[in-house]
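What follows is a short report on a single structure.
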Amino acid sequence: MMKVHLKILICLVFFAALFPNPGMCEVKAGSFHISPMVGGYFFEGNQPIESGPIVALGLAYNFSENWGLELMGKAGKFDFFYCETCEPDTCEDSLNGYWLHLDALYHIWPDYRLVPYLALGGGYMWLTDDRYVDPESPFAHYGAGFLFAMTDRIHLRGDVRHVLPFDDNHNNLSAILGLTLAWGEKEKQPLKDSDKDGIFDHKDQCPYTPIGVRVDQWGCPLDKDQDGVPDYEDKCPKTPPGTQVDEFGCSVVRDSDGDGDGVKDPLDRCPDTPKGIKVDRHGCPIIGDSDGDGVPDHIDRCPGTPLVAEVNSVGCWVIKDLYFDFDKAIIKKKDNKSLDKMVAILKKNPFLNVEIQGHTDNRGGKNYNKKLSEKRAKAVARYLIQKGIRAARLSYVGYGYEIPIATNKTEEGRALNRRVQVKPMK
């Protein structure tokens, strides 16, 4: 019986939560609720007392729209069996039961007409016949319920609690239905916008902006060139990013060229261009790809890669689809296809010498990774020799995790760092 009522409770709460109906503001901060209710108290079946009707009266105060505190009293009259050995007509009697408990209430959607809530609390119960086994007991309980606004002040209320007396292992249930009368609420403070910028003070991070100045979503003056001088005070509103400026937003070093590319800093749109890279009139690299590997020269770490060689994102020749088992340096037959591509390139370029480099991610010790990467590079060199490439054209080295090409903080980055790379040698 208890399980059936518990399932009904769960279904009612979920039904209420799934169909919120925005209409009137249901629960208001600073309001009081008084709730006269009726229902039933259901004792677990192994107790010598019958379930029966109860009446209840609750008084709640809502500290906020979500949180409230409620004191509730309940009372009911129940039949019980006080003697197992007596005659059938003398072992049954009736008694009164009383409950007083204090609960925290959490209103899930306080601004809707239908407001489901959760409850947690505890209290004390009295049964008025000493012949009953446990006439008094503290208890804890939890449950849920709903409020449905019939008017601004009158709400329909349903409430179900799972009751856990401390003196025994019983699981009881109370279910009540009634009305809630609401009154009182905190007066809402009017929203202020002291600097008249359209952003209310409680969200305004720059509350003293001069009137008429355009602001961003946080109420601060716009600064389109991000030089720290707001647009309404900036005499040089198009200063390149990173330029050191004075109090008026203008460059303090007009003839400087920090990256040495021939374009003065105030006009340089790419102020951190690497040394030796050809740039356009704006100071940005001229896109070129001298080795034809698809990676622009200004980011190519391995210029001079042979044509048709497979490269990674930084232009270095890598043997793709080459995988080793954990802690192993044995080449599998399924990886021969990738290595055979390298054999074809070396045979087509008979004067090309290469260094085979092994790399790992940063998991494990430095010495361990260096030795393992060297073994794997050596295994590749051995395979090439077996395919007819002269040993004099090959060298191998293991770098471990010393030269990453991606972050080691993610699995994708670590996978890119675990590689066998080929460097053309003069």
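The values are calculated or read from the model by the stated rules, or taken from the named source; none is laboratory data. Keep in mind the model is a prediction, meaning the values are calculated, not measured. In this analysis, Cβ positions are derived from the backbone assuming ideal geometry, glycine residues included, and neighbour counts consider all displayed protein chains.
Hand me the list of strands (runs of 3 or more DSSP E) wholly inside the range 132-234 holding 3 or more residues that are closer than 30 Å to residue 60 by Cβ, over 38 Å from the mean Cα position of the chain (by Cα) and assigned by TED's automatic domain parsing to the domain that holds residue 109.
By residue number, 136-149, 172-183.
If I filter the range 311-334 down to residues being over 38 Å from the mean Cα position of the chain (by Cα) and part of a loop (DSSP other than H, G, I, E, B), which single residue comes out as surrounded by the fewest Cβ atoms within 10 Å (Cβ to Cβ)?
That would be 330.
Results for (1) under 15 Å from residue 319 (Cβ atoms); (2) part of a strand (DSSP E or B); (3) under 40 Å from the mean Cα position of the chain (by Cα), shown as yes or no for each residue.
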position: 339; (1), (2), (3): yes, no, no
position: 363; (1), (2), (3): no, no, yes
position: 367; (1), (2), (3): no, no, yes
position: 371; (1), (2), (3): no, no, yes
position: 424; (1), (2), (3): yes, yes, no
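Before we move on, is residue 273 in contact with an Asp or Glu (Cβ under 6 Å, 6 or more places away or on another chain), under 28 Å from residue 198 (Cβ atoms) and assigned to a loop (DSSP other than H, G, I, E, B)?
no
Any idea which of 289, 300 is surrounded by 13 or more Cβ atoms within 10 Å (Cβ to Cβ), of a type in the set (D, E, K, R) and at pLDDT below 75?
The conditions single out 289.
Table: residues versus (1) surrounded by 13 or more Cβ atoms within 10 Å (Cβ to Cβ); (2) in a strand (DSSP E or B).
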position: 376; (1), (2): yes, no
position: 379; (1), (2): yes, no
position: 388; (1), (2): no, no
position: 420; (1), (2): yes, yes
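Check off (1) within 16 Å of residue 175 (Cβ to Cβ); (2) not in a strand (DSSP E or B) for residue 46 and give me the number that stays unchecked.
Result: residue 46 fails condition (1) only.
Residues that are modelled with pLDDT under 75, among the aliphatic types (A, V, I, L, M), surrounded by 13 or more Cβ atoms within 10 Å (Cβ to Cβ) and in a loop (DSSP other than H, G, I, E, B): does the range 253-263 have at least one?
yes
Output the residues belonging to the range 143-170 that are modelled with pLDDT of 85 or more and touching an Asp or Glu at 6+ places or on another chain (Cβ under 9 Å).
Listed by number, the residues that qualify are 143, 144, 145, 146, 147, 148, 149, 155, 161, 165.
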